[in-house]
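*Asks:* Got a structure for you, questions after.
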Amino acid sequence: MDAVIKAENLTHTYSVGTPFEKTAIENIDVEFYPGELVAVIGHTGSGKSTFMQHLNGLLAPTAGKVYCEGQDIFATKEATRDVRFKVGLVFQYPEYQLFEETVYKDIAFGPRNMKLTDGEIDERVREAAGFVGVGEELFDKSPLELSGGQKRRIAIAGVIAMRPKVLILDEPTAGLDPGGCEEIIRNILDYRAETGSTVLLVTHSMDDAARIAGRLVVFHEGHIAMDGTPAEVFSRQGELAAMGLDVPQPAAITQALRERGAAMPESVYTMEQLAAAVKALRKGAGRDA
C-alpha cells in the first residue's frame with residue numbers, strides 16, 4: 001500500500017541566521033497510510049506541532065520534502081494550495097478561529113474556497129454537521145452564542161466539509177469537560193469509520209492514545225523517538241518517563257501490581273484489558289485456593 005503522506009529528511013529551523021535560531025525538527029522520515037488512526041505524542045516543544053504544520057503546507061521545510069499521494073507538496077504554488085484541501089488541519093482551540101455570522105457559513109467556508117457549486121457546498125455542510133453532531137437547527141445561529149463543545153465541533157466540521165484524505169487534529173479535546181471529550185472522540189471515530197480517511201491525532205492524553213489509536217509516533221527533541229503499536233510503545237515505560245511522558249493509567253496500575261508480585265500480562269494499556277487481566281488473576285487465585 002502506498003503512503004498517503006510521506007516526510008523525507010524533513011528539517012525545519014526557525015529564525016535562521018539570528019541569535020534565536022532553533023531547529024525544531026531534524027531529518028524526519030515517516031510515512032502514513034490510508035485509513036490509519038495515528039496518535040502523535042510528545043512533550044511540549046518536542047516538534048510534533050511544527051511537523052504537523054508541514055503536512056498541509058502551512059510551514060515550508062528548511063530541508064527535505066513532504067509528499068501527498070506521491071506528489072511533492074512544495075513543488076509549485078498550486079500543489080501547496082491543493083494539499084490544503086487534501087490534508088485538513090484542526091488547530092488546538094479551533095473555536096477561536098470561528099468568524100462567520102452563522103454556523104452554516106463557518107462550515108461552508110472551506111468548500112466555498114474550493115469553488116464548488118452551491119448545491120455541493122450545501123451537501124458537504126449538512127454531511128459534516130451530521131458527522132460531528134451539530135443539528136441543522138443551529139445553522140442560522142452565531143457560533144459565538146454556542147457552548148465550547150459546540151464551537152469545537154463546528155470548527156472540526158469546517159475542516160471535514162472539505163472531505164480531506166488526511167484529517168489532522170491538534171489536541172481536539174483540550175479544555176473540554178469529560179463529556180465533551182468523549183463526544184469529540186466518538187465524532188472522530190465515526191468520521192474515520194464512515195470515510196476511511198487517515199486520522200492523525202496530536203494528544204497529551206496517553207489514555208486517549210491507547211484507547212483509539214492503532215499506531216503511536218513519539219516525538220522527542222525534534223526527532224521521532226518511537227513508532228509502533230500501543231503495546232510496543234507503552235512497554236517502554238522507562239524511556240517514556242525519561243522523556244517526561246506518562247503511560248496510560250491501566251499500564252501504570254499493571255506495572256505496580258506486577259512489582260507487588262502479581263502475574264499480570266505485559267501488554268495492558270486500556271481499561272478493558274486491565275479489567276480482563278484482573279478478572280483472570282482473581283479466577284486463577286480462586287482456582288489455586
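*Asks:* Roughly what % antiparallel, to the nearest 5, for the DSSP beta bridges in the chain?
*Replies:* Bridges in the chain that DSSP calls antiparallel: roughly 50 percent.
*Asks:* Also: Rounded, prolate or oblate: which fits the stretch 97-237 when a ≥ b ≥ c are the square roots of the eigenvalues of the alpha-carbon gyration tensor, with rounded for a/c under 1.5 and prolate only if a/b beats b/c?
*Replies:* prolate
*Asks:* Roughly how many nanometres apart are two label points built 7 Å out from the Cα toward the Cβ at E137 and K65?
*Replies:* For the pair E137/K65, the computed spacing is 5.3 nm.
*Asks:* Still on this structure, I have one more. Going by Cα centres, the stretch 74-142 and the stretch 214-289 are how many Å apart?
*Replies:* 39
*Asks:* What is the extension gain from D246 to E259, computed as 0.36 nm multiplied by their sequence separation minus the C-alpha to C-alpha distance, in nm to one decimal?
*Replies:* Extending this stretch completely gives an extra 2.9 nm.
*Asks:* How big is the Rg/Rh ratio for the stretch 166-289, C-alpha atoms only, Rh by Kirkwood, two decimals?
*Replies:* 1.02
*Asks:* For the stretch 89-151, state which chymotrypsin sites (Phe, Trp or Tyr not before Pro) are in a DSSP loop and have at most 14 other beta carbons lying within 10 Å of their beta carbon.
*Replies:* Sparse-neighbourhood loop chymotrypsin sites (Phe, Trp or Tyr not before Pro): F99.
*Asks:* Applying a 10 Å radius around every beta-carbon, put 204-212, 225-233 in order of their mean neighbour count, most first.
*Replies:* 204-212, 225-233
*Asks:* Another question, if that's okay. Tell me the angle of helix 148-160 to the major Cα principal axis of the chain, expressed in degrees between 0 and 90 and rounded to the nearest ten.
*Replies:* Long axis of 148-160 versus the principal axis of the chain: about 70 degrees.
*Asks:* Compute the distance in nm between two label points, each set 7 Å from the Cα along the Cα-to-Cβ direction, one at E8 and one at A275.
*Replies:* 4.7
*Asks:* Just R215, R186, R153 to compare: in a GNM of the chain, with alpha carbon springs under 10 Å, which one fluctuates most?
*Replies:* R186
*Asks:* What is the log10 of I(q)/I(0) for the chain, computed with the Debye formula using one identical point scatterer on each Cα and no solvent, at q = 0.12 Å⁻¹?
*Replies:* Those come out to -0.82, one per q.
*Asks:* Oh, and also: Does the stretch 97-142 classify as rounded, prolate or oblate by the C-alpha gyration tensor (a ≥ b ≥ c root eigenvalues; a/c under 1.5 gives rounded; else a/b over b/c gives prolate, otherwise oblate)?
*Replies:* Oblate is the answer for the stretch 97-142, as a/c is 1.5 or above yet b/c matches or exceeds a/b.
*Asks:* Turning to a different aspect of this structure: When DSSP assigns beta bridges and you keep just the ones with both residues in the stretch 144-261, what percent turn out antiparallel, to the nearest 5?
*Replies:* Antiparallel: roughly 50 percent of the beta bridges in the stretch 144-261.
*Asks:* Pop out the ³J(HN,Hα) list for the stretch 255-265 in order, Karplus 6.51 cos²θ - 1.76 cosθ + 1.60 with θ = phi - 60°, rounded to Hz; leave Gly and Pro as x.
*Replies:* Result, ordered by residue: 5, 5, 5, 5, 5, 8, x, 6, 7, 9, x Hz.
*Asks:* Output the relative contact order of the chain, whole-number percent, from Cα pairs under 8 angstrom with separation of 6+ residues.
*Replies:* 21
*Asks:* What share of all Cα pairs of the stretch 248-289, in percent, falls into each consecutive 10 Å distance bin?
*Replies:* 32, 55, 12, 0
*Asks:* Which residues does a label at T102 reach in the stretch 131-163, if reach means a backbone N under 13 Å from a point 7 Å past the Cα toward the Cβ?
*Replies:* Backbone N within reach: 136-143.
*Asks:* Here's a follow-up. Going by alpha carbons, how many degrees (0 to 90, nearest 10) lie between the helix axis of 178-195 and the longest principal axis of the chain?
*Replies:* Tilt relative to the chain: about 70 degrees.
Laboratory data are not the source of any read-out in this text; all were calculated from the coordinates shown. Being a predicted model, the structure only gives us computed values, none of them experimental. Here the Cβ is made from the backbone with ideal geometry for all residues, glycine too, and neighbour counts use every protein chain on show.
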